[in-house]
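Note sheet for the following structure.
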Amino acid sequence: MRQPTVLVVDDEQDIRDVIAVYLRNENIRTIEAEDGIEALKILDKETVDMVVLDVMMPRLDGIMTCMKIRKTSDVQILMLSAKQEDIDKINGLTMGADDYLGKPFNPLELVARVKAQLRRRQQAHKQRNEDVIQIGELVIDIPRHSVTVGDKPVQLTPLEFGILELLAKHRGQVFSSDNIYEAVWRESARISDNTVMVHIRNLREKIEANPREPKYITTVWGVGYKINA
């Protein structure tokens, strides 16, 4: 598993050092910047999972830095400030920050908040990956209800998409015609009905280079259909 990276931005070296020590103890890689301008340069070059960003800094303060980051990135941002007024919290979060912590802070609380934000980011990334399924040149974007093969859009009916989504989400698992019908049509399968077979044939015509020798949706004779794992 890739080690997460946190960019620590604060004009006080002592604070950067303390944060870095605690995060490294949790196996979190840290990069340091002393102001917003330096932080933006680092973000252009480095892959960063989270930014711990002080509000009061010379040259470019934390609020302006946060706004600039949000124009190009959805990286997690935790803002630090010595100002405790609620308006500062509201301003920080309105500008795009994900969390806010007042100074002075307990390093253990900061670590807990950083880890919580990193978990949310990991879960969101995992969810995005699950929402888009790629099998060779076949790409199924579930939220957008779209399919492409080799970057060429493929127009599917809702039932065809439902069959493809079912098989793609359970790669390697064989589904009988009755299983597919009940899952996609959401009703009991009809006896001696070739509806699923017809839809599978139409689906292959659209996504397979050679429908007679399909590489995506394969037939397990006498059992059903599957997409290989």
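The values are calculated or read from the model by the stated rules, or taken from the named source; none is laboratory data. Treat the numbers as computed from the prediction; the structure is a model and nothing was measured. Cβ coordinates were reconstructed from backbone atoms using ideal geometry, including for glycine residues, and neighbour counts include every protein chain displayed.
If you check ARG113, ARG59, which single one turns out to be in the same structural domain as VAL18 (by TED's automatic domain parsing), in a helix (DSSP H, G or I), modelled with pLDDT of 85 or more and among the basic types (Lys, Arg)? Give the steps one after another, and end with the answer.
Values: ARG59 fails: in a helix (DSSP H, G or I).
Selected residue: ARG113, the only one of ARG113, ARG59 that is in the same structural domain as VAL18 (by TED's automatic domain parsing), in a helix (DSSP H, G or I), modelled with pLDDT of 85 or more and among the basic types (Lys, Arg).
Taken together, TYR225, TYR181 contain a single residue that is in contact with a Phe, Trp or Tyr (Cβ under 7 Å, 6 or more places away or on another chain), among the hydroxyl-bearing types (Ser, Thr, Tyr), touching a residue at least 12 places away in the same chain (Cβ under 8 Å) and outside any loop (DSSP other than H, G, I, E, B), which is TYR225. Given the condition at pLDDT 90 or above, in a strand (DSSP E or B) and out of contact with any Ser or Thr (no Cβ under 7 Å at 6 or more places or on another chain), answer yes or no: does some residue in segment 80-90 qualify? Among the residues of segment 80-90, at least one is at pLDDT 90 or above, in a strand (DSSP E or B) and out of contact with any Ser or Thr (no Cβ under 7 Å at 6 or more places or on another chain), which makes the answer yes.
Determine if segment 13-23 includes at least one residue that is outside any helix (DSSP H, G or I) and at negative phi. No, that holds for no residue.
The residue list THR30, THR65, THR47 contains one member that is buried (at least 23 other Cβ atoms within 10 Å of the Cβ), out of contact with any His (no Cβ under 8 Å at 6 or more places or on another chain) and of a type in the set (Ser, Thr, Tyr), which is THR65.
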